Amino acid sequence: MQLTEQQINYCMECGVCTGSCPVSYEWEAFSPRQMIRRSLDKETPLSQTREVWACLTCARCSERCPVGIDFPEFIRSYRREARDRDNPPRESHHGILQTLTRLQTAGLQQNRTAWAEEAGSFRDQGDFFYFVGCQPYFEILFRYLDLDALDPARGALKLLNSLGIEPVISNAECCCGHDALWTGDEDLFRQLAEKNLEAISASGAHTVLFSCPEGYLTFREQYPRYFGELPFQVRHLTEFLDQELPSSGLSFRSAEDEALTYHDPCRLGRQGGIFEPPRRLIDLPAKGKLREMDRSRTNAMCCGTTAWIECSSCSKGVQLERLNEAIETGAKRLITACPKCRLHLTCAQENTGLQLPVEDIYSYLARHLES
Amino acid sequence: MNEEFSPNIVTFACNWCAYAAADLAGVSRFQYPPNLRIIRVMCSGQVNPNFILKSLEQGADGVLVAG
């Protein structure tokens, strides 16, 4: 969505975007307001700046924009151009996650289901497809953080099995393409998406369940834009469990922590519009002990990095601010519904003296499930 | 398609031991198959996991890190 000159004139230059931007809190020169104006500048096009990669695409600005400019989409359109102009993003973790993504299009046999064989029961064909996402890769890559990155997936499978659902989990699943798309690599996104659509259609599923907000939003919003209407339903697991759990007869033990708080992932909350289901689910064990941070729901802060690029002291600043905000509520545990938010907010605590356990909503629910 | 499979193997060899050993093999006129491609590194500890994945991505059938 490159804005035309006329659309740019709609911008009232009110600066609400810059005032809302987590990046500009840390990096003063970063200004979404000026970037809109500067996109008209022929001499130094936006696609040749570092700012084009610094945006977190968290949509806090566009949520508040009085003229409805979709800033994340605006940025995304320049990222493709930036790649073509030899201005690539700085890939975090030596680019290993990007290589892993590309490798998934190379037709290699993946082992994505070994964890599930021990964790519960699943099948090759059926009505429900559980899209696990990158978690099996995270489990290996982020061992050094001392968190079990597959635990949320085990929790999700346990909850689904308790509801009498044996979902399809497939070795043919690929990365959803979210990061490729948001870093301007549409060709890679297409290749991944086609493989996923094939894997899902081979399973015969009518509903695809996502534990990861990025996968969910990419399937819900982007896949139809590229491939037309999808022949299956796309549902986020928090939404699905919120509908199924209350009438299922399953019960939960009370949470041991005296207070908890919830971090809204940008893709699930502001961009996916799912705010209440995760809160209702957390309350099943928390029984009223959930405390809200000052900035939550549409107002929530981002976890500081996106698409495995541009991790910097700016990201760490955003993350530490968010963690301190969580601690200020008196919460002893931070729950989130996104595997990446969990990794980022855990990583940021290294060598800081902060000790706030960050747990995924599915692990948390499964841990308190009364068997 | 009766050709025998001959894998391309990328080898990262440490300058101070494995590379020296390969060199010694050469000096001693031992033969080793040509599908082993050696990349000298100053320490096998500098081999980032992504080097291995990148080799595979770019068509290697196997990767040997020797040090």
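Nothing in this text is a laboratory measurement; each read-out follows from the coordinates by a stated rule. Everything numeric in this text was worked out from a predicted model, so none of it was measured. Note that we place each Cβ from the backbone using ideal geometry, even for glycine, and neighbour counts take in every protein chain shown.
Worth pointing out:
- Order of A:42, A:158 under a 10 Å beta carbon neighbour criterion, fewest first: A:42, A:158
- The listed peptides A:102-114, B:22-34, A:192-204, ordered by packing as a protection proxy, come out as A:192-204, A:102-114, B:22-34 (highest mean of other Cβ atoms within 10 Å first).
- Charge tally in the Cβ shell below 12 Å around residue A:61, where Lys, Arg are +1 and Asp, Glu are -1, residue A:61 excluded: +1
- Radius of gyration and maximum dimension Dmax of the range B:9-66, Cα, Å: 11.7, 34
- Ellipsoid fit via the Cα gyration tensor, chain A: semi-axes of 33, 25, 19 Å, each the root of five times an eigenvalue, largest first.
- Total formal charge among the other residues, if their Cβ is under 13 angstrom from that of residue A:370, Lys/Arg +1 and Asp/Glu -1: +3
- In this structure, the pairs whose alpha-carbon distance is over 32 Å, taken from A:158/A:289; A:195/A:287; A:42/B:54; A:195/A:332, are A:195/A:287; A:42/B:54; A:195/A:332.
- When shorter helices are ignored and each DSSP H run of at least 4 residues is given -39500 (n - 2.57), the per-residue value for chain B at 222 nm works out to -8000 deg cm²/dmol.
- Using distinct alpha-carbon pairs, which all enter the 1/r mean, Kirkwood radius of the range A:119-274 in Å: 16.7 Å
- Residues whose placed amide H lies under 5 Å from that of residue A:123, excluding near-sequence neighbours: A:168, A:169
- Note on residue B:28/residue B:4: beta-carbon distance plugged into 1/(1 + (r/R0)^6) with R0 of 30 Å gives a FRET efficiency of 0.65.
- The range A:271-318, Rg to Rh (Cα coordinates; Rh as Kirkwood inverse mean 1/r): 1.08
- Neighbour net charge for residue A:139 - beta-carbon separation under 10 angstrom, K R +1, D E -1: -1
- 10 Å Cβ neighbours from other chains, averaged over peptide B:50-58: 5
- Legend: calculated FRET efficiency, residue A:233 to residue B:46, from the Cβ-Cβ distance at R0 = 56 Å, rounded to 0.05, equals 0.70.
- Model label points for residue A:110 and residue A:44, set 7 angstrom from Cα along the Cα-to-Cβ axis, are 4.0 nm apart.
- Length added when fully stretched, residue A:351-residue A:80, from 0.36 nm per residue minus Cα-Cα: 93.9 nm
- A Förster distance of 22 Å, applied to the separation of the beta-carbon atoms of residue A:294 and residue A:28, puts the FRET efficiency at 0.50.
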